[in-house]
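**Q** Below are the structure tokens for one structure; questions will follow.
The values are calculated or read from the model by the stated rules, or taken from the named source; none is laboratory data. All values derive from a computational prediction rather than experimental measurement. Cβ coordinates were reconstructed from backbone atoms using ideal geometry, including for glycine residues, and neighbour counts include every protein chain displayed.
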Amino acid sequence: MKNRMLLVFFLFAFAIGWAKEESWIRINNLGYLPQSIKVAVLGSKVEVEVKSFSLVDAVTGKKVYTSRRVMSKGAYGPFASSYRLDFSDFEATGRYFIQAKTITSPEFEINANVYDNTADFLLKYMRQQRCGYNPFLTDSCHMDDGFIVYNPKREGERIDVTGGWHDASDYLQYTATSANAVYQLLLAYRENPGAFGDMFQANGLPGKNGIPDIIDEAKFGMDWLKKMNPSPEEYYNQIADDRDHAGYRLPNKDSVIYDENRKGRPVYLASAEKQGLKKYQNRSTGAASTAGKFASAFAIGGMVLKDFYPEYTEDLLSRARNAYDFGKKNPGVSQTAPCKAPYFYEEENWHDDMELAAGALYNLTGDAIYKNEGMDFAQKEQISPWIGKDTVRHYQYYPFLNAGHFELAVSGKNEKAKNLANLYKKGLKAIQERGKDNAFLIGTPFVWCSNNFVTAAVTQSHMYRELTGDDTYLEMEAALRDWLFGCNPWGTSMIVGLPGHADSPVKPHSSLTVLEGYATYGGLVDGPVYGSIFNSLIGIKLEEEDSYAEFQSDLVVYHDDIGDYSTNEPTMDGTASLVYYLSSMESKSQKAGHKKADFTYDDSGALIRGNTSEKKINLTFTGDQYADGLPLILETLDKHQIKGSFFFTGNFYRNSKYATVIKRLKDGGHYLGAHSDKHLLYNDWSPQKKLLVTQYGFQKDLLDNYEIMAQHGIQKEDAPFFMPPYEWNSSEITQWTNQLDLSLINYTPGTISHADYTTPDMENYRSSAEIMESILSYEDKEGLHGFLLLTHVGTDPNRTDKFYIRLEELITTLNGKGYKFVSLEELLAKKNP
């Protein structure tokens, strides 16, 4: 009997262990808003029975919530059994993980700030996709575009269409996707302006310019649309063709030649003519699909951009009207042009484009004729044709979201048009019906660019709810949103680098990644496809062992692999289309009273101050040649249990006499960072900050700094913040730092704490008494909230009045005023990115 009991026990323990090894809990890696629907999905390779689950506080390890709100959903994809674990009624802010039996989830947050800055984060990819001057590379590309084709009146002529965005990891450019992107960006700002900040200049380089970054980006796209519309009868549809598919290369080193006798790339006219310069041709029937997209972008630009560029927008109304009229005269679709291969954007619908144009023109002008015509177009395409389908050709129904219903209905002047929300309801009901029986509630098709369909569905749900207040599809919306951020069979976010602390694509199909190792941050990747589609594609070869192999199935596959262009290629238009929804989620938090952390950047894009709403300070030190103050500084910090941040040059790290104190700083948990290798001056002292180093020279200097740091056990990924030598840099230096996946920071201005290096023979000499007075005076008038307070670890022997002697006094005084001295990581702990 005893042996039988032992056998049962061991079999039970084995089964539990097997289930743990073969079971996973998927969550939204970004986190959950406190009042939102919150559901995780448990999937198992084996049959398991789950009746309850718990939430465990990740800090204390204590169970804080237990629930039996568990719904079995059976087999799906790679899983033999699956469950929805609903904890929507738990709203306490914190960091948690889910436990069901012996299965645990990754940690996640419940917080009002989880969507802060996410919409702005996506703009990183948009800037990276810029053609003409590319701020990510700080170089220019495709400056000779282009020469006209398929326009009998101007065949072969040169036309200046430099600018715009590259469509994906190739360098083709399409009006269809670009005009849609412009509209989506401007819609996001119009509806949710509080979600966007100003950290970049109009040219895309780091540094604020007084204009929200999303407006800068939308105008960049609008500049290109204007070039592609040189007259009321000319609407160009495409730059380049599939001859672009000539292997990995950077855009500023594009070697593809389209015509030996002409510079630049071909520019295709939008028309009903079937186009294709070599073996294959499209099936164009008209120009309304393209003209309508031009018109909607021009019209919403007239609404939104006029507040920033009143003169620039003077012609947008006439352009919008002309494009709309051209579309009415030329009904049908103007598809993109293939060439050597049969792949092209096979768009077949156009009434949605004209409806959106009419709606945007109505909201711009108030002219009822646009409202009435828009309503007529709406009836001709009531729901997006892809909804309910399993098979859809590439971009057959584009845009994936019919924003025209929302554009017509959102105006308070158009009560009748609010009935258009019921058309959204028809589509949502169909998506819901297709997804109701699987644990992820996913009812969108797994065709190429499946994440774009998910984005369209989640946005449509949000728009429907905005128009009606009906929460019928709120659970499905939450599930689709969670799918994009990791609640999917693979457990990965589908946006590169978002969130930074969890699984997201790291090897996207991109020349930037392949050739230089650059991350395509903010890019929404294509997304999973049916196994049948993946197995039929030509030219796909995984470069590495599949890290998600155990989650692939005959139903659907996804690979985080450079070689998989079908599931892991970021796309410009998909990314732009997600900006509106993420900005809406942040706006939702703001409307509930949440105020996001306020960080400060200087004109070069350097992060110079932490959250100004908190009385927290970081003591920051730099060093190159001298370190006479380090023993006392370290003794004082240890006494008060303060973690400082220390930025040393390679010269300093290389000096053997500092090895012991560097080890002591590292062992004590202080931040150790880079300050350049040779303490070079990167820019001259003029207001223009003329560069004194090349990009190669800068990168070598900085990487040499990190190389010697590694010999002290300090790895680059553990020291992501870099402070420039002389605390002096330009936007280019900031951007070159970003290219290396590092963040450039600088001290907070306002005091003269950094003048502790000066000697009596200098004109700018400041005594320690003056320095202390400047700090306390600034605190009294402005406050030191979020300050990076910089001093030096040593000074020239000619300075006998050492400020570090007064560090104890400074700490005691500021502690008495309620300030907390925190680590650099805590001070700069930003939420997304």
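**Q** Is the range 712-721 home to any residue that is under 25 Å from the mean Cα position of the chain (by Cα), over 24 Å from residue 139 (Cβ atoms) and of a type in the set (Phe, Trp, Tyr)?
**A** yes
So that you can scan it fast, the table gives a plain yes or no per residue for (1) surrounded by fewer than 21 Cβ atoms within 10 Å (Cβ to Cβ); (2) within 14 Å of residue 646 (Cβ to Cβ); (3) of a type in the set (D, E, K, R):
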| position | (1), (2), (3) |
| --- | --- |
| 675 | no, yes, no |
| 684 | yes, no, yes |
| 694 | yes, no, no |
| 710 | yes, no, no |
| 725 | no, no, no |
| 731 | no, no, no |
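**Q** Can you spot a residue in the range 174-183 that is crowded, with 24+ Cβ neighbours inside 10 Å and closer than 30 Å to residue 53 by Cβ?
**A** So far as the range 174-183 goes, no, none of its residues is crowded, with 24+ Cβ neighbours inside 10 Å and closer than 30 Å to residue 53 by Cβ.
**Q** Next question. Counting only residues that are more than 19 Å from residue 129 (Cα to Cα) and at pLDDT below 95, how many does the range 157-185 have?
**A** Number satisfying all stated conditions: 0.
Okay, residues lined up against (1) in the same structural domain as residue 561 (by TED's automatic domain parsing); (2) at pLDDT below 95; (3) of a type in the set (A, V, I, L, M):
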| residue | (1), (2), (3) |
| --- | --- |
| 497 | yes, no, no |
| 507 | yes, no, no |
| 512 | yes, no, yes |
| 522 | yes, no, no |
| 526 | yes, no, no |
| 538 | yes, yes, yes |
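**Q** Which one is farthest from the chain's Cα centre (by Cα) among residues in the range 11-34 that are modelled with pLDDT of 95 or more and assigned to a loop (DSSP other than H, G, I, E, B)? Even if it seems obvious, please write down each step before you answer.
**A** Step one: list which residues in the range 11-34 are modelled with pLDDT of 95 or more, which gives 23-34.
Those still in the list that are assigned to a loop (DSSP other than H, G, I, E, B) too: 27-31, 33-34.
Working: 27: 19, 28: 16, 29: 14, 30: 12, 31: 16, 33: 19, 34: 23 Å.
The residue in question is 34.
This table checks each residue for (1) surrounded by fewer than 23 Cβ atoms within 10 Å (Cβ to Cβ); (2) closer than 26 Å to residue 188 by Cα; (3) among the basic types (Lys, Arg).
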position: 366; (1), (2), (3): yes, yes, no
position: 371; (1), (2), (3): yes, yes, yes
position: 382; (1), (2), (3): yes, yes, no
position: 388; (1), (2), (3): yes, no, no
position: 400; (1), (2), (3): no, yes, no
position: 431; (1), (2), (3): no, yes, no
position: 437; (1), (2), (3): yes, no, no
position: 440; (1), (2), (3): yes, no, no
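**Q** Under 7 Å between Cβ atoms, at least 6 apart or on separate chains: pull out the pairs that start in the range 771-799 with a residue that is under 20 Å from residue 615 (Cβ atoms) and assigned by TED's automatic domain parsing to the domain that holds residue 758 and end on any residue that is among the basic types (Lys, Arg) and in a loop (DSSP other than H, G, I, E, B).
**A** 779/817; 785/615
**Q** Another question, if that's okay. Name the residue that is modelled with the lowest pLDDT, counting only residues in the range 61-111 that are surrounded by fewer than 15 Cβ atoms within 10 Å (Cβ to Cβ), among the polar types (S, T, N, Q) and under 18 Å from residue 44 (Cα atoms).
**A** 102
**Q** Something else: Would you mind stating whether residue 789 is within 31 Å of the chain's Cα centre (by Cα) and either in a strand (DSSP E or B) or within 30 Å of residue 815 (Cβ to Cβ) (or both)? Spell out the reasoning first.
**A** Working: within 31 Å of the chain's Cα centre (by Cα): yes; either in a strand (DSSP E or B) or within 30 Å of residue 815 (Cβ to Cβ) (or both): yes.
Against the criterion (within 31 Å of the chain's Cα centre (by Cα) and either in a strand (DSSP E or B) or within 30 Å of residue 815 (Cβ to Cβ) (or both)), residue 789 qualifies.
**Q** Same structure again: So, in the range 395-433, how many residues would count as being among the polar types (S, T, N, Q) and assigned to a loop (DSSP other than H, G, I, E, B)?
**A** Narrowing the range 395-433 to residues among the polar types (S, T, N, Q): 396, 402, 411, 414, 419, 422, 432.
Adding the requirement that they be assigned to a loop (DSSP other than H, G, I, E, B) leaves 396, 402, 411, 414.
Number of matching residues: 4.
**Q** Name the one entry in 203, 209, 229 that is under 23 Å from residue 296 (Cα atoms) and not in a helix (DSSP H, G or I). Walk me through it before giving the result.
**A** Numbers: 203 fails: under 23 Å from residue 296 (Cα atoms); 209 fails: under 23 Å from residue 296 (Cα atoms).
That would be 229, the only listed residue that is under 23 Å from residue 296 (Cα atoms) and not in a helix (DSSP H, G or I).
**Q** Next up: Tell me the residue from 247, 276, 302 that is under 27 Å from residue 520 (Cβ atoms) and out of contact with any strand residue (DSSP E or B) (no Cβ under 7 Å at 6 or more places or on another chain), please.
**A** On the way: 276 fails: under 27 Å from residue 520 (Cβ atoms); 302 fails: under 27 Å from residue 520 (Cβ atoms).
After applying the criteria, what remains is 247.
**Q** Follow-up. Among the residues of the range 361-394, how many are of a type outside the set (Lys, Arg), in a loop (DSSP other than H, G, I, E, B) and either at pLDDT below 95 or closer than 28 Å to residue 302 by Cα (or both)?
**A** Step one: of the range 361-394, the residues of a type outside the set (Lys, Arg) are 361-370, 372-379, 381-388, 390-392, 394.
Retained after the next criterion (residues that are in a loop (DSSP other than H, G, I, E, B)): 366-367, 381-388, 390-392, 394.
Those still in the list that are either at pLDDT below 95 or closer than 28 Å to residue 302 by Cα (or both) too: 366-367, 381-384, 388, 390-392, 394.
Counting residues in the range 361-394 that are of a type outside the set (Lys, Arg), in a loop (DSSP other than H, G, I, E, B) and either at pLDDT below 95 or closer than 28 Å to residue 302 by Cα (or both) gives 11.
**Q** Of all residues in the range 602-659 being among the aromatic types (Phe, Trp, Tyr) and assigned to a strand (DSSP E or B), which is surrounded by the fewest Cβ atoms within 10 Å (Cβ to Cβ)?
**A** First, the residues of the range 602-659 that are among the aromatic types (Phe, Trp, Tyr): 621, 626, 646-648, 652-653, 658.
Subset that is assigned to a strand (DSSP E or B): 621, 646-648.
Numbers: 621: 28, 646: 26, 647: 28, 648: 30.
Among those residues, the one meeting the criterion is 646.
**Q** Could I ask something else about it? Answer yes if at least one residue in the range 575-584 is assigned by TED's automatic domain parsing to the domain that holds residue 206 and touching a Gly at 6+ places or on another chain (Cβ under 7 Å), and no otherwise. Give the derivation first.
**A** Residues of the range 575-584 that are assigned by TED's automatic domain parsing to the domain that holds residue 206, as a first pass: 575-584.
Filter again for touching a Gly at 6+ places or on another chain (Cβ under 7 Å), leaving 575.
The answer is yes, given that some residue of the range 575-584 is assigned by TED's automatic domain parsing to the domain that holds residue 206 and touching a Gly at 6+ places or on another chain (Cβ under 7 Å).
**Q** Condition (residue is in a loop (DSSP other than H, G, I, E, B) and among the hydroxyl-bearing types (Ser, Thr, Tyr)) applied to the range 812-819: is it met by at least one residue?
**A** First, pick out the residues of the range 812-819 that are in a loop (DSSP other than H, G, I, E, B): 817-819.
Keeping just the survivors that are among the hydroxyl-bearing types (Ser, Thr, Tyr) gives 819.
Yes, that holds for at least one residue.
**Q** A further question on this structure: For the range 233-283, give me each residue that is surrounded by fewer than 24 Cβ atoms within 10 Å (Cβ to Cβ) and in contact with a Ser or Thr (Cβ under 7 Å, 6 or more places away or on another chain).
**A** 248, 249, 250, 252, 271, 272, 273, 274, 282
**Q** To continue, here is another question. Please find, among 422, 452, the residue that is among the polar types (S, T, N, Q) and free of Cβ contacts under 8 Å to residues at least 12 places away in the same chain. Please lay out each step first, then the result.
**A** On the way: 452 fails: free of Cβ contacts under 8 Å to residues at least 12 places away in the same chain.
From the options 422, 452, the qualifying one is 422.
**Q** Would you confirm whether any residue within the range 330-338 is touching an Asp or Glu at 6+ places or on another chain (Cβ under 9 Å), in the same structural domain as residue 189 (by TED's automatic domain parsing) and assigned to a helix (DSSP H, G or I)?
**A** Our first condition is that a residue be touching an Asp or Glu at 6+ places or on another chain (Cβ under 9 Å); within the range 330-338, this holds for 333-338.
Those left that are additionally in the same structural domain as residue 189 (by TED's automatic domain parsing): 333-338.
Narrowing the set further to residues that are assigned to a helix (DSSP H, G or I) leaves none.
No; the residues of the range 330-338 include none that is touching an Asp or Glu at 6+ places or on another chain (Cβ under 9 Å), in the same structural domain as residue 189 (by TED's automatic domain parsing) and assigned to a helix (DSSP H, G or I).
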